[in-house]
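Here is the structure we will look at.
The values are calculated or read from the model by the stated rules, or taken from the named source; none is laboratory data. For clarity, every value in this text was computed on a predicted model and none was experimentally measured. Cβ placement follows ideal geometry from the backbone for every residue including glycine, while neighbour counts extend to all protein chains displayed. Side chains included, ligands, DNA and RNA excluded: accessible areas come from the protein's heavy atoms. Shrake-Rupley method; radii C 1.70, N 1.55, O 1.52, S 1.80 Å.
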Amino acid sequence: MKPRHKKLAAIAAGVTALSVAAILVLNAFQSNLVFFFSPTQVMANEAPVGKSFRIGGLVEMGSIQREDDSTRVKFAVTDTAEVIPVVYTGILPDLFKEGKGVVAQGKLAANGVFQADEVLAKHDENYMPPEAAEALEQAAKAQKASLAQ
C-alpha cells in the first residue's frame with residue numbers, strides 16, 4: 001500500500017470514529033432530554049403519552065389525598081385553566097402545599113393520570129419555575145380572552 005493510500009485510510013478511519021462518537025453523544029443527549037408542559041398543553045394532547053416529561057403549575061386546593069400507611073399521594077396540578085391528576089409515591093418536599101407552585105416529573109398514563117417519579121416544590125415565597133410561571137400567565141390570558149368573547 002502506498003503512503004498516500006495509508007494517509008487516506010487513516011483519515012477515513014478518523015472521520016468514521018468521530019462520526020460514531022458524535023452519534024452516540026447526540027443519542028445520549030436526546031434520551032436524557034425532559035420537556036416541560038402545562039396542564040393546558042397536556043389536555044390539548046401536546047404532551048407525549050408514555051414518555052417522561054415535566055408538568056408544572058399550582059397544587060389545586062383540596063386535591064391532596066394521602067393513603068394511610070403509605071407514601072402514596074394523589075393531588076391535582078392546575079394552571080387555572082385545566083387540571084391534571086397526579087399520583088406520586090415517595091416523600092414530598094417540606095414546602096409542598098395546596099395553592100403553591102409545583103413541578104412534577106414523570107409519565108402520563110393512558111387513563112390521563114400523571115405518574116410522577118419526582119416532585120419539586122418552590123423554595124420560597126417569591127420563586128416559581130419560569131416555565132410554570134409562564135404557563136400560568138398564558139392560561140390566565142386565555143381565560144380572560146374566552147370570557148371577553
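Filter region 43-89 for residues that are assigned to a loop (DSSP other than H, G, I, E, B), hydroxyl-bearing (Ser, Thr, Tyr) and open to solvent by 40 Å² or more (accessible area, probe 1.4 Å) and give the result. Within region 43-89, 70, 71, 80 meet the criteria. Restricted to region 7-48, and to residues there that are touching a residue at least 12 places away in the same chain (Cβ under 8 Å) and over 12 Å from the mean Cα position of the chain (by Cα), the residue that is nearest to residue 112 (Cα to Cα) is 43. Of the candidates 67, 46, 82, 98, the single residue that is touching a strand residue (DSSP E or B) at 6+ places or on another chain (Cβ under 9 Å), over 25 Å from residue 132 (Cα atoms) and not basic (Lys, Arg) is 67. What pairs come out if I take residues in region 82-107 that are more than 21 Å from residue 34 (Cα to Cα) and pair them with residues that are crowded, with 19+ Cβ neighbours inside 10 Å and polar (S, T, N, Q) whose C-beta lies under 8 Å away, six or more apart or interchain? Listed pairs, sorted by first residue: 82/38; 82/40.
Against the list (1) touching a residue at least 40 places away in the same chain (Cβ under 8 Å); (2) open to solvent by 70 Å² or more (accessible area, probe 1.4 Å), the condition residue 114 fails is (2).
Filtering 67, 98 for residues that are more than 25 Å from residue 137 (Cα to Cα) and at pLDDT below 90 leaves a single hit, 67.
Conditions: (1) in a strand (DSSP E or B); (2) modelled with pLDDT under 85; (3) aliphatic (A, V, I, L, M). Residue 34 meets all but one. Number of the miss? Single failed check for residue 34: (1). Residue 4 falls short of the stated requirement of being farther than 17 Å from residue 135 by Cβ and in contact (Cβ under 8 Å) with a residue 12 or more places away in the chain.
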